[in-house]
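This report refers to the structure that appears directly beneath it.
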Amino acid sequence: MAFGRTVQLFLMDGSPKGRIKCSLDNWTGKVYLIPRTELTRSKDRVDLSQTGIYLLFGTDTETGDEKLYVGQARERKNGNGVLARIAEHLGEEKLDYFTHAIVIIDSTNSLGPTEISYLENAFYQQAVAAGRVQTINGNDPSPGNVTEEKKAALDEFIANSKILIGSLGYRVFDAVDDAKTVIPAPMDSTPNAEPLLHLKCASASGDGRQTTDGFVVLAGAKLRLRMTDSAPESAKKNRQRFADRISASGELLRDTLFTSPSAASNFLIGSSTSGKVTWKDEAGRTLRELEEAVLKAAKDSQQQAKRMSQPVKEKR
């Protein structure tokens, strides 16, 4: 069963727009969120001069896609470490996009070359597998060679890091389909996924479900290749944005997240649609009907609880 955890966010500059230090109960790791503009101010942080993993986040100015670079840095003899390595990237044109850096360290400074290579590779591979952002590393980081005992400890380190990174609003390592989210031990549990819904309209078809982030269309969906003249501009942009996920025959090759059910159905059908009507369950009930049923059930439950809480009047 999943259990609660306590996350502490320390606003180092007294503002949520500034630097944030994150810690987790009973864990020696630390995660920092540092805006690009605050890197220089952070050079006096001793813990940021040690070995660590860093993630560089930003947005592509042309496409609007989120971008991520995963890197590692080891503590050097001159006293420089992970923060100095990030600063070295400031002059690189391909990394001009990044506005925020996330730094992951172990406060005991016990991460060696083998461990840091494993962590860099794992964070990179999980970001690629999730497919939420464009990962721009030129080469796949080497996974190193760790024992099974060390791997178990590092996987726990990764799981704890992801809790803090997610608490900061970056869910880049989570599968877009909540039903496929894997929660490592000791937080093993079955995700509370929404029911699977289906779409079949105008030669388009596919499966999807609502998620905590929007609406995901599952791989294998079929798009109507020709879009109508009245198709929303957002649907046209999504066709261009996810062009590398669409085969020549119109098959969606990867699970893909959209902002809403309508954005998902517009993408598949290539026209202006109402996702609340187009997406249906196995019984043919529309998403709108399903949501109305849930609201009615909640209201009935509240009324019943209210009636049961009222004292019974004695008969005279």
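For residues that are of a type in the set (D, E, K, R) and without any contact (Cβ under 8 Å) to a residue 40 or more places away in the chain, tally how many sit in the range 21-45.
6
So which of GLY79, GLY138 is free of Cβ contacts under 8 Å to residues at least 12 places away in the same chain, open to solvent by 20 Å² or more (accessible area, probe 1.4 Å) and not aromatic (Phe, Trp, Tyr)?
Criteria check complete, one pass: GLY138.
Could you count how many residues in the range 259-277 are open to solvent by less than 30 Å² (accessible area, probe 1.4 Å) and touching a Leu at 6+ places or on another chain (Cβ under 9 Å)?
Total meeting the criteria: 8.
Scan ALA298, ALA283, ALA243, ALA293 and give me the residue that is open to solvent by 40 Å² or more (accessible area, probe 1.4 Å), under 15 Å from LEU196 (Cα atoms) and out of contact with any Pro (no Cβ under 9 Å at 6 or more places or on another chain).
Result of the check over ALA298, ALA283, ALA243, ALA293: ALA283.
Consider only pairs whose beta carbons are under 9 Å apart and that are at least six residues apart or on different chains; among these, list those whose first residue lies in the range 207-228 and is within 9 Å of ASP255 (Cα to Cα) and without any contact (Cβ under 8 Å) to a residue 40 or more places away in the chain and whose second residue is acidic (Asp, Glu) and surrounded by fewer than 19 Cβ atoms within 10 Å (Cβ to Cβ).
Final answer for the pair search is ALA219/GLU251; GLY220/ASP207; GLY220/GLU251.
Looking only at the range 211-240, filter to residues that are assigned to a loop (DSSP other than H, G, I, E, B), out of contact with any strand residue (DSSP E or B) (no Cβ under 8 Å at 6 or more places or on another chain) and not hydroxyl-bearing (Ser, Thr, Tyr); which one of those is surrounded by the fewest Cβ atoms within 10 Å (Cβ to Cβ)?
For the range 211-240, the residue satisfying everything is ASP229.
With at pLDDT 90 or above, open to solvent by 20 Å² or more (accessible area, probe 1.4 Å) and farther than 30 Å from PHE98 by Cβ as the only criterion, which of ASP207, ASP188, ASP155 stands out?
ASP207
Looking only at residues in the range 1-56 that are open to solvent by 10 Å² or more (accessible area, probe 1.4 Å) and among the aromatic types (Phe, Trp, Tyr), which one is modelled with the highest pLDDT?
Filtering first and then ranking leaves PHE10.
Test ALA122 against the criterion of being surrounded by fewer than 17 Cβ atoms within 10 Å (Cβ to Cβ), among the hydrophobic types (A, V, I, L, M, F, W, C) and either modelled with pLDDT under 95 or closer than 30 Å to LEU253 by Cβ (or both), and give yes or no.
no
Could you pull out the residue among LEU225, LEU268 that is more than 21 Å from GLN126 (Cβ to Cβ), out of contact with any helix residue (DSSP H, G or I) (no Cβ under 8 Å at 6 or more places or on another chain), at pLDDT below 95 and aliphatic (A, V, I, L, M)?
The conditions single out LEU225.
The values are calculated or read from the model by the stated rules, or taken from the named source; none is laboratory data. A quick note: this is a predicted structure, and the numbers were derived from the prediction, not measured. We place every Cβ from the backbone using ideal geometry, glycine too, and count neighbours over all the protein chains shown. Areas reflect the complete protein model, heavy atoms only, side chains present, ligands, DNA and RNA absent. Shrake-Rupley method; radii C 1.70, N 1.55, O 1.52, S 1.80 Å.
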